[in-house]
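Some notes on the structure that comes next.
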Amino acid sequence: MLDRRVVGNVPEKPHLRATTAAGQPLYEECITRAGFDGAFSMLYRLQRPHEADPSPATGVFTAPELVVARPLLRRHYRCPAVPGAATSAEARTPLLVSHDVSVGFLRPSEPDRAYFVNADGDELFFVHEGEGVLRSAFGDLPYRAGDYLGVPKGVLHRFVPASGARHALLWLEFSGALGVPAHYRNPLGQLRMDAPYTHRDFRTPTEVAPLDEGIRGLTVKRRGAWHGYALQHSPLDAVGWDGTVYPFVLPIQSFSPRVGQVHLPPPVHATFAAPGALVCSFVPRPLDFHPQANPVPFPHSSVDVDEVLFYANDAFTSRRGIAAGSLSHHPAGIPHGPHPGAYENAPNETHTREIAVMLDCTLPLDATRAAVGVEDSDYHASFRA
Ligand SMILES: [Fe+2]
């Protein structure tokens, strides 16, 4: 997604015959985007990557049931009330869905028992609670609360949560390619010096070596269905990789926020972009500094996008009644803005300690039955003074 990285041992040139030091053949697997026109990575494996037989999918998966034709209202869902499940694949619970993006929540309680490939889209997790390791053929990638964790489409992986800790993640799945906003890059693709984060803020796997965990199950999500396979050998058999497609971590608090004399609109908080979707990070910062500035968001009708906010803590300057783990959905078509009192009292505040993830979506989002089950039905009315 960002700069090209090389980890482990790779041949001096792609597509050469290559072996290990012991003379064992290496098999190149290319993961390519946009056919062969986009980003790509090459893994060098000890075994052929395309030997897997159909097998029942591991775990129980429930397709999202959409609840359509609802009144057009501002909505609030309490994610911590979403039921958990054993593994990350089983626990992925879609809450809001459009063609471009799915927003969900998961509370896995144990390491994944099988490997998982999402062939429907790039995934971006925000780690709300807990820590662990994302294990993939690219190597291990530790994550902890407050991290964004990106898993590109097609990358085989499993979650290994640290034992004993509550584990909760916001889950975003994009049908188009996820990346950094184009205006953060210079013509060579490097992050500009005035971008809100640097290359050094991104963590990626730093070591790779063959590992056999004894797991032979693989689940692939494609077109919303779950397909099971039995692997012939461990898929964690890479000795090296080279490319721009790999799992990554970006701590949300590494985002350098911008503050204006008067209130700046949300795109200054842009962190990731995908077709039809923009992810923004709200992090602790001083508030706007004009003597008459009102530092809370102005009421607005952003008539072309649905706005979703996930609140990582209970401090959000313009909102009341939300809690850590709240998810609000303000649909296009009706205005939204601060809660009563926030706009009037905020001029006395000089800083905010809010941590939140915002998602602007071009296509309207539908709620799922799971979302309706954790909805705060008083939310829309809570904006009346
Ligand atoms: Fe807004």
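The values are calculated or read from the model by the stated rules, or taken from the named source; none is laboratory data. Since this is a predicted model, take the numbers as computed values, not measurements. Here Cβ is always computed from backbone atoms with ideal geometry, including for glycine, and neighbour counts include all displayed protein chains. Surface accessibility is based on the protein's heavy atoms, side chains included, excluding ligands, DNA and RNA. Shrake-Rupley method; radii C 1.70, N 1.55, O 1.52, S 1.80 Å.
Structure notes:
- Segments classed as strands (runs of 3 or more DSSP E), wholly inside the stretch 85-146, with at least 3 members that are within 24 Å of S175 (Cβ to Cβ): 93-97, 101-106, 115-118, 122-129
- Test: residue in the stretch 68-76 that is on the phi > 0 side of the Ramachandran plot and at pLDDT 95 or above: no
- The stretch 305-327, residues that are under 20 Å from A270 (Cα atoms), modelled with pLDDT of 95 or more and part of a loop (DSSP other than H, G, I, E, B): V305, A312
- Pair list, Cβ < 6 Å and 6+ apart or interchain, from the stretch 76-91 residues that are of a type outside the set (V, I, T) to residues that are assigned to a helix (DSSP H, G or I) and buried (at least 24 other Cβ atoms within 10 Å of the Cβ): Y77/A371; G84/A91; A85/A91
- Some residue of the stretch 349-362 being within 15 Å of the ligand (Cβ to nearest atom), closer than 18 Å to R70 by Cα and among the aliphatic types (A, V, I, L, M): no
- Residues of the stretch 23-47 satisfying the condition of being loosely packed, with under 13 Cβ neighbours inside 10 Å and either under 23 Å from L231 (Cβ atoms) or touching a Cys at 6+ places or on another chain (Cβ under 8 Å) (or both): Q24, P25
- Selected residue (criterion: least open to solvent (accessible area, probe 1.4 Å)) from residues of the stretch 63-84 that are out of contact with any strand residue (DSSP E or B) (no Cβ under 8 Å at 6 or more places or on another chain) and assigned to a loop (DSSP other than H, G, I, E, B): L73
- Only a single item in (1) under 23 Å from Y246 (Cα atoms); (2) among the polar types (S, T, N, Q); (3) surrounded by 15 or more Cβ atoms within 10 Å (Cβ to Cβ) is not met by S98, and it is number (1).
- Residue satisfying all of: in the stretch 335-362; part of a strand (DSSP E or B) and within 17 Å of D314 (Cα to Cα); most open to solvent (accessible area, probe 1.4 Å) among these: H351
- Number of the exception - A332 against (1) more than 21 Å from the chain's Cα centre (by Cα); (2) in a helix (DSSP H, G or I): (2)
- Scanning the stretch 275-296 turns up no residue that is touching a residue at least 24 places away in the same chain (Cβ under 8 Å), assigned to a loop (DSSP other than H, G, I, E, B) and within 12 Å of H76 (Cβ to Cβ).
- Within the stretch 297-316, the set of residues being under 24 Å from the mean Cα position of the chain (by Cα) and either of a type in the set (K, R) or within 13 Å of the ligand (Cβ to nearest atom) (or both) comprises S302, D304, V305, D306, E307, V308, L309, F316.
- Of all residue pairs spaced 6 or more apart or on separate chains, those with beta-carbon atoms under 8 Å, a first member in the stretch 297-314 that is over 28 Å from P251 (Cα atoms) and a second member that is open to solvent by 40 Å² or more (accessible area, probe 1.4 Å) and near the ligand (Cβ under 10 Å from one of its atoms) are P299/P335; H300/P335; S301/P335.
- Of all the residues in the stretch 279-296, those that are within 16 Å of the ligand (Cβ to nearest atom), touching a helix residue (DSSP H, G or I) at 6+ places or on another chain (Cβ under 7 Å) and either open to solvent by less than 20 Å² (accessible area, probe 1.4 Å) or under 17 Å from A356 (Cβ atoms) (or both) number 5.
- Residue among A274, A342, A332 that alone is away from the ligand (no atom under 12 Å from the Cβ), at pLDDT 90 or above and on the phi < 0 side of the Ramachandran plot: A274
- Residues (β-branched (V, I, T) and open to solvent by less than 10 Å² (accessible area, probe 1.4 Å)) located in the stretch 363-372: T368
- Top-ranked residue of the stretch 238-266 - restricted to ones that are among the hydroxyl-bearing types (S, T, Y) and in contact (Cβ under 8 Å) with a residue 60 or more places away in the chain, ranked as surrounded by the most Cβ atoms within 10 Å (Cβ to Cβ): Y246
- Consider the stretch 124-157 and keep the residues that are free of Cβ contacts under 8 Å to residues at least 40 places away in the same chain and aliphatic (A, V, I, L, M). The one that is most open to solvent (accessible area, probe 1.4 Å) is A145.
- Unique residue being aliphatic (A, V, I, L, M) and under 23 Å from the mean Cα position of the chain (by Cα) when the list is A238, A277: A277
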